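To keep things clear, I will list the structure first and then write my remarks on it.
The values are calculated or read from the model by the stated rules, or taken from the named source; none is laboratory data. Only a predicted model underlies this, so the values are computations on that prediction, with no experimental measurement involved. Neighbour counts are summed over all protein chains in view; Cβ atoms, including those assigned to glycine, are modelled from backbone coordinates with ideal geometry. The area values use the complete protein model at the heavy-atom level, side chains included, leaving out ligands, DNA and RNA. Shrake-Rupley method; radii C 1.70, N 1.55, O 1.52, S 1.80 Å.
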Amino acid sequence: MEEDKAKEVGAAIRHYRELRSYSGSALCRELGINRSTLFLWETGKQLPSPDNIRRLADILKVSITELKR
């Protein structure tokens with residue numbers, strides 16, 4: 001179940017990142033994370049922390065619910 005949720009969140013992060021025309025590198029700079037961390041999130045291998053979910057929602061201009069659906 002957790003793995004499915006991680007994949008859903010990862011797909012949403014990638015979808016909204018691309019929709020907002022953010023490169024992976026640009027988003028990483030804004031978040032202060034490395035590219036491999038973003039890769040883990042977007043591929044559903046790891047969930048972002050609640051704090052990073054909030055920051056992603058703010059940067060990508062979406063609700064937290066949209067990222068966690």
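Would you mind calculating the relative contact order of the chain from Cα pairs under 8 angstrom and at least 6 residues apart, reporting the percent as a whole number?
45 percent
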Checklist entry - FRET efficiency for Asn34 and Arg14, Cβ-Cβ distance as r, R0 = 25 Å, nearest 0.05? => result 0.90
Checklist outcome for this item: The summed charge of the Leu40 Cβ neighbourhood (under 15 Å; Lys/Arg +1, Asp/Glu -1) stands at +2
Next on the checklist: With +1 on the Cβ of every Lys and Arg and -1 on the Cβ of every Asp and Glu, and nothing else charged, how large is the dipole of region 3-69 about its Cα centre, in debye rounded to the nearest 20?
Outcome noted: 100 debye
Checklist outcome for this item: Over the chain, the sum of -39500 (n - 2.57) across DSSP H runs of at least four, divided by residue number and rounded to 500 deg cm²/dmol, gives at 222 nm -21500 deg cm²/dmol
Checklist entry - When the convex hull of the Cα atoms of the chain is projected onto a plane and the area is averaged over all directions, what value comes out in nm²? => result 3.8 nm²
Checklist entry - Taking Lys5 as the anchor, which aspartates and glutamates have their alpha carbon closer than 14 Å to its alpha carbon, excluding any fewer than eight residues away along the same chain? => result Glu42, Glu66
Checklist entry - Tell me, what % of the accessible area of the chain is carbon and sulfur with a 1.4 angstrom probe? => result 51 percent
Checklist entry - Can you give the accessible area per residue of the chain, in Å², using a 1.4 Å probe? => result 62 Å²
